[in-house]
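The values are calculated or read from the model by the stated rules, or taken from the named source; none is laboratory data. For clarity, every value in this text was computed on a predicted model and none was experimentally measured. Cβ atoms come from the backbone with ideal geometry, glycine included; neighbour counts cover every protein chain shown.
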Amino acid sequence: MNAQVAHVLEGDILERDRLDNLPGERASALGLAPATFGAGGAEPYAAALRNADNVLYLRRSRDGGLTAAATMDAGRWSADADDTDQRLLDGLTGPVLDIGCGPGRMVRAAMDRGLSALGIDVSPTAVRIAVDAGLSVLKRSVFDPMPLEGGWAGALLVDGNIGIGGDVTALLTRCAELLAPRGALLVEVSHDPSRNERYDGRLEDASGLLSDVFPWAEVGVDALAGHAADAGLRIDHDWRLDGRWFARLLHA
């Protein structure tokens with residue numbers, strides 16, 4: 001971590017970054033934050049991070065019931081970055097912001113390359129795991145005040161994090177505010193290029209334990225172009241690798 005990022009971490013940590021002892025449902029009850037990915041209820045996301053071989057299911061919540069689920073491998077979030085992950089960092093010179101970083105595999109990958117890197121996540125468990133591993137991670141939403149506003153050379157939205165908040169345009173607009181004028185936003189998108197869906201989701205683990213309902217979205221590369229334009233961004237290029245699809249966004 002270079003002196004610039006070290007300085008902002010020392011001088012810009014807000015009190016909410018220290019709320020890591022509050023379970024998600026208690027924080028929600030206190031009115032500190034809206035419902036977020038996998039939080040509340042039985043806290044299956046936090047449990048999965050503590051048990052890295054656990055599988056999670058992202059279900060759509062409709063009319064009081066649950067529809068078909070997408071399977072998520074929580075173990076991959078806690079593993080080292082693979083070759084496909086590493087490709088995202090090619091050409092970046094730092095500083096790099098990983099949005100929704102989880103336990104911090106991409107933060108570690110960036111730091112191992114000698115890049116300045118910071119992760120943010122709203123999960124106290126994810127942040128605790130990352131910090132205990134020696135990574136630079138804050139407990140913060142992307143919509144909160146952020147270190148280096150307008151100065152990030154690279155930002156990452158991977159592992160479905162384009163869905164954060166359920167409003168893709170709002171999320172991309174916020175990311176555009178965070179990027180430096182020549183900065184790049186690396187986004188992982190849906191396998192379906194035309195996908196453009198916003199819904200209420202719940203996480204479920206293999207034991208049937210459920211999170212609270214949270215807003216989420218899924219978007220493919222074709223639909224992403226419209227959201228990006230509304231946010232003042234453009235797709236520079238996109239690529240598929242190892243069954244995953246990515247796009248690199250720049251300021252328009």
Original post:
Within region 221-239, is even one residue on the phi > 0 side of the Ramachandran plot and either surrounded by fewer than 20 Cβ atoms within 10 Å (Cβ to Cβ) or modelled with pLDDT under 95 (or both)?
Top reply: yes
**OP:** Filter region 121-135 down to the residues that are more than 20 Å from Asp82 (Cα to Cα) and buried (at least 22 other Cβ atoms within 10 Å of the Cβ), then identify the one that is nearest to the chain's Cα centre (by Cα).
**Re:** Asp121
**OP:** May I ask you to list the residues in region 122-146 that are in a loop (DSSP other than H, G, I, E, B) and either under 19 Å from Ala35 (Cα atoms) or of a type in the set (Val, Ile, Thr) (or both)?
**Re:** Val122, Ser123, Arg140, Ser141, Val142, Phe143, Asp144, Pro145
Original post:
Met146 passes all but one of (1) modelled with pLDDT under 95; (2) more than 17 Å from Ala47 (Cα to Cα); (3) surrounded by fewer than 22 Cβ atoms within 10 Å (Cβ to Cβ); (4) not polar (S, T, N, Q); which number fails?
Top reply: (3)
Original post:
Yes or no: Gly102 surrounded by fewer than 23 Cβ atoms within 10 Å (Cβ to Cβ), in contact with a Phe, Trp or Tyr (Cβ under 8 Å, 6 or more places away or on another chain) and of a type outside the set (Asp, Glu)?
Top reply: no
Original post:
Would you pick out the residues in region 149-189 that are acidic (Asp, Glu) and either farther than 20 Å from Leu203 by Cα or touching a strand residue (DSSP E or B) at 6+ places or on another chain (Cβ under 6 Å) (or both)?
Top reply: Glu149, Glu177, Glu188
**OP:** From the list Asp98, Asp73, Asp85, pick out the single residue that is at pLDDT 95 or above, closer than 22 Å to Gly201 by Cβ and not aromatic (Phe, Trp, Tyr).
**Re:** Asp98
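So in region 191-212, with the set limited to residues that are of a type in the set (Ser, Thr, Tyr) and out of contact with any Gly (no Cβ under 7 Å at 6 or more places or on another chain), which one is nearest to Arg59 (Cα to Cα)?
Among those residues, the one meeting the criterion is Tyr199.
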